[in-house]
Amino acid sequence: MEIMPRGGWIEEVRSGYRLIFGTLYPAYYSYKAVKSKDIKEYVKWMMYWIIFALFTTAETFTDIFLCWFPFYYELKIAFVAWLLSPYTKGSSLLYRKFVHPTLSSKEKEIDDCLVQAKDRSYDALVHFGKRGLNVAATAAVMAASKGQGALSERLRSFSMQDLTTIRGDGAPAPSGPPPPGSGRASGKHGQPKMSRSASESAGSSGTS
């Protein structure tokens, strides 16, 4: 069994603390606030989630540039505990002092930017969708034309083979001079007929 180094255990403890106290604990109490329909608790946890979302966004960059700072990860854990504590009420304090005034003053500009981003994303989606359909249609037409050309070539080769076979089976007899034996045979059969007709003509003239 592999033993995890000390630094690995520390990272696991930090991640577990952040998961339990920064996410699961507030999520459960948010569920209870929604279930009980307690407006005060609902507003409290909504302010926490807004601050936590901003903290997570900022953390993405600070982990890159400030990770070398001494006790950086311990300070992050302490900050999450400060946000959650019912005594310090850190999330409510940050929201009321900084976040709410800033968002209220920039709300119209933020809404306009979101609407423009939504429209641009929709236009870009439609544009790329049309382009994808055109590419797919062109590819389908090219594939169909190639397949049709190959099929016509195949049919043409089959038809040429069939014509060659038909010509070989039903070819007419060659027209040329008869073989030498056929003329002689016909001459031999025709001589008695000529002599008989000559004798008949002589007998008829003697009787007359």
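For the range 22-75, applying the loop criterion from DSSP together with a ceiling of 10 other beta carbons within 10 Å to the GluC sites (Glu not before Pro) yields no site. By the scheme Lys and Arg +1, Asp and Glu -1, what is the net charge of all other residues having a beta-carbon under 13 Å from that of Met47? Net charge around Met47: +4. Rolling a 1.4 Å probe over the heavy atoms of the protein chains gives the range 1-106 an accessible area of 76 Å² per residue. For the range 31-135, state which trypsin sites (Lys or Arg not before Pro) are in a DSSP loop and have at most 16 other beta carbons lying within 10 Å of their beta carbon. The qualifying sites are Lys37, Lys106. What the Cβ-Cβ distance of Val115 and Leu93 gives, at R0 = 25 Å and to the nearest 0.05, is a FRET efficiency of 0.20.
Apply the a/c threshold of 1.5 to the C-alpha gyration tensor of the range 32-119 and tell me whether it is rounded, prolate or oblate.
On the way: a/c = 2.15, a/b = 1.10, b/c = 1.95.
Oblate, because a/c is 1.5 or more while a/b does not exceed b/c.
Bridgeable lysines around Lys118 (alpha carbons under 28 Å apart, same-chain partners fewer than 8 residues away excluded): Lys106, Lys108, Lys130. Estimated translational diffusion coefficient (Stokes-Einstein, Kirkwood radius over Cα pairs, 20 °C, 1.002 mPa s) of the range 22-81: 166 µm² per second. Electrostatic bookkeeping for Thr56 treats Lys and Arg as +1 and Asp and Glu as -1; over the other residues with beta carbon under 13 Å from its beta carbon, the sum is 0. Ordered from highest to lowest accessible area with the whole protein assembly present and a 1.4 Å probe, Ile51, Ile64 read as Ile64, Ile51.
The values are calculated or read from the model by the stated rules, or taken from the named source; none is laboratory data. What you see is a predicted model, and the numbers here were worked out from it, not measured in a lab. In this analysis, Cβ positions are derived from the backbone assuming ideal geometry, glycine residues included, and neighbour counts consider all displayed protein chains. For the accessible areas, the whole protein counts, side chains as well, though only heavy atoms, and no ligand, DNA or RNA atoms are used. Shrake-Rupley method; radii C 1.70, N 1.55, O 1.52, S 1.80 Å.
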